[in-house]
Amino acid sequence: MTNGAEARRHGSMQYCVVTCSSVFSTFSHLLPTMTLHSIKNTSSIFEDEKLKPGIYKIQNIFTETYVDIETHSRNVCSRPGQNLEEGNGLWEIKPLGAGYSIRRVEPGKPDQFCTMKDEVQKAPLFVTAYPAAWRVEIVDDINHRGFEYVRLFWGTTEWSWAIRDCVKHNGAQVIAWSGDKSITWLMWKLIPFETTEYGFLPSYEGEEAGQSSARAQYADSERDDLGTIVTEVTTVTTTTRRRYRVELEGA
């Protein structure tokens, strides 16, 4: 590894340490350029009609933009793929009660759960430290069957995610909308995020093409005695165990 990155081995454990110089010049730059794969005719993101918990990119079917948050606010927005370097577009979705929490993945930052404030048309979505339960429904109409597109609803209501004014430009707000569920701009594609170079894998278990099942576990960030923010990501497979350590220097 280069540009401030250093690999260390301790017995059977391998550590990958990325310092500040490489995080901002390499890691964040790499995120928007990673190859994302279609989920049609591949391993399902659902099991027994329940979404598998994991790290996803969330893409609107109509605008083809990705969900992120605004750079200087807590509002949820959407970005074209080429603009994702302004954020990272990664969200952890996992069970919460009868629904799912949707949390932005950003090492070294406090929890940022997606929620909404008011049940009114076009109310903006935003992130907060408190998780909210979202309902995930598979789109099963004849034109979109088999793609595993989803609609995301606020709890038991019919308020769903949408792109404000259906625009494709960078920073368009993600809002709550109640209306005809058949329109495409209420549909979303959940794209499992994975890259072995920096230790991220989908955080669900499964087997595909004879490969071993894998699970990624994401530890809470902590601050060491020198003020360094430390985030550890552990990947577990049936045959090997690798531990990746990412350090962001400074407060």
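Computed from the coordinates by the stated procedures, all read-outs in this text should not be read as laboratory data. Model, not experiment: these values are computed from the prediction. Note that we place each Cβ from the backbone using ideal geometry, even for glycine, and neighbour counts take in every protein chain shown.
Using the structure shown, select from 94/189; 94/168; 109/189 the pairs with a Cα to Cα distance greater than 23 angstrom.
With Cα atoms farther than 23 Å apart: 94/168; 109/189.
When the chain is fully extended, how far beyond the present Cα-Cα distance does residue 82 get from residue 62, taking 0.36 nm per residue of separation?
Between residue 82 and residue 62, full extension yields an extra 5.5 nm.
Through the Karplus equation 6.51 cos²θ - 1.76 cosθ + 1.60, θ set to phi - 60°, convert the phi angles of region 93-105 into ³J(HN,Hα) values in whole Hz; use x for Gly and Pro.
10, 8, x, 9, x, 7, x, 9, 8, 10, 10, 5, 8
Considering every pair of different Cα atoms, what Kirkwood radius, in Å, is found for region 120-174?
One over the average 1/r among Cα pairs gives 13.1 Å for region 120-174.
Skipping prolines and chain starts, which residues have an amide H placed within reach, meaning under 5 Å, of the one on residue 125, given they are 5 or more residues away or on another chain?
So residue 125 has HN proximity to 76, 174, 175, 176.
Rounded to the nearest 0.05, what FRET efficiency is calculated for residue 183 and residue 129 with R0 set to 51 Å and r the Cβ-Cβ distance?
0.95
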